[in-house]
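The next block holds one structure in the form of structure tokens; read it before the comments.
The values are calculated or read from the model by the stated rules, or taken from the named source; none is laboratory data. As the structure is a prediction and not an experimental result, all values here were calculated from the model. Quick reminder, even Gly has a Cβ in these numbers, built from the backbone with ideal geometry, and neighbours come from all protein chains shown.
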Amino acid sequence: MKKLTITLCLLTGLLATLPAAETTATPKSPPPKTDTVVWAGLDYSMVRMIGPGEFSNPETIFPGMLDAWNNLFLQERIMFVEKQLKKNVVIDIGGVTKANKAATSKQIVDSAGPDDTIEKSHITAPDIAKAVKSYKMENKSGLGVVFIVDRLIKQEKKGQGAVYVVYFDIASREVLFSQRKVSNATGFGFRNYWFRVIKDAEGTLSKYQ
């Protein structure tokens, strides 16, 4: 009995040290029956970029690189989203594009503190709800989906990113589902390296169906 107790304690301690790759919010409402999803874009307005020297060209990142990542998604990933969801995807990223223009170099953290880890998030459920309500969209109803980028971290040559995949009702702006996805950054060049985090987040889309 003592051996079993010790084993359980060790296992509990080990699990506590593992990084939380995904955090899921329980869906508030069932997904509406629709053949169409409205893609609202990649929202970097609350992103925190962490890593000494990794984000050293803020004049290129804000908003140029944010626009580049959004455009790259439209060019290369929308077709895969349609196949994964088996739905038509309508593009409506004007609201997120405007929100991204408010992002600044102040969101870059050169010297990481104890809270600047991939396991933690500075974005709360109310923050997500507020962001969703702020988007000015051409579509006034339907099922919307947005990727809210939480943090991009480069430490000891390893890059990781966290993204919230968010479904919402466009008419009411109620957040229907939100899940935080953590993945590794890979690829050649700054743009492609951090875009990998976005590509991996696509795998979470089908979890709300």
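Of note:
- Residues that are more than 13 Å from the chain's Cα centre (by Cα), within 23 Å of Lys33 (Cα to Cα) and not hydrophobic (A, V, I, L, M, F, W, C) number at least 1 in the following strands (runs of 3 or more DSSP E) confined to the range 135-188: 143-155, 158-169.
- Of the numbered criteria (1) closer than 14 Å to Gly41 by Cβ; (2) touching a residue at least 40 places away in the same chain (Cβ under 8 Å); (3) in contact with a Leu (Cβ under 8 Å, 6 or more places away or on another chain), the one Leu85 fails is (1).
- Number of positions in the range 87-131 that are in a helix (DSSP H, G or I) and under 17 Å from the mean Cα position of the chain (by Cα): 13
- Applying a threshold of 8 Å to beta carbon distances and a minimum spacing of six or more residues, or different chains, the list of pairs starting in the range 128-149 at a residue that is without any contact (Cβ under 8 Å) to a residue 60 or more places away in the chain and surrounded by fewer than 15 Cβ atoms within 10 Å (Cβ to Cβ) and ending at one that is of a type in the set (Lys, Arg) and outside any loop (DSSP other than H, G, I, E, B) reads Lys136/Lys98.
- Number of the condition not met by Arg173 [criteria: (1) touching a Pro at 6+ places or on another chain (Cβ under 9 Å); (2) at positive phi]: (1)
- Test: residue in the range 106-123 that is at pLDDT 95 or above, within 30 Å of Thr36 (Cα to Cα) and buried (at least 17 other Cβ atoms within 10 Å of the Cβ): yes
This table checks each residue for (1) modelled with pLDDT under 95; (2) over 16 Å from Val165 (Cα atoms).
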position	(1), (2)
Leu11	yes, yes
Lys28	yes, no
Val38	no, no
Phe62	no, yes
Arg77	no, no
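Rundown of residues vs (1) under 28 Å from Glu156 (Cα atoms); (2) among the small types (Gly, Ala, Ser), yes/no style:
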{"position": "Thr34", "(1), (2)": "no, no"}
{"position": "Tyr44", "(1), (2)": "yes, no"}
{"position": "Pro52", "(1), (2)": "yes, no"}
{"position": "Asn71", "(1), (2)": "no, no"}
{"position": "Gln75", "(1), (2)": "no, no"}
{"position": "Ile78", "(1), (2)": "no, no"}
{"position": "Gln84", "(1), (2)": "no, no"}
{"position": "Ala99", "(1), (2)": "no, yes"}
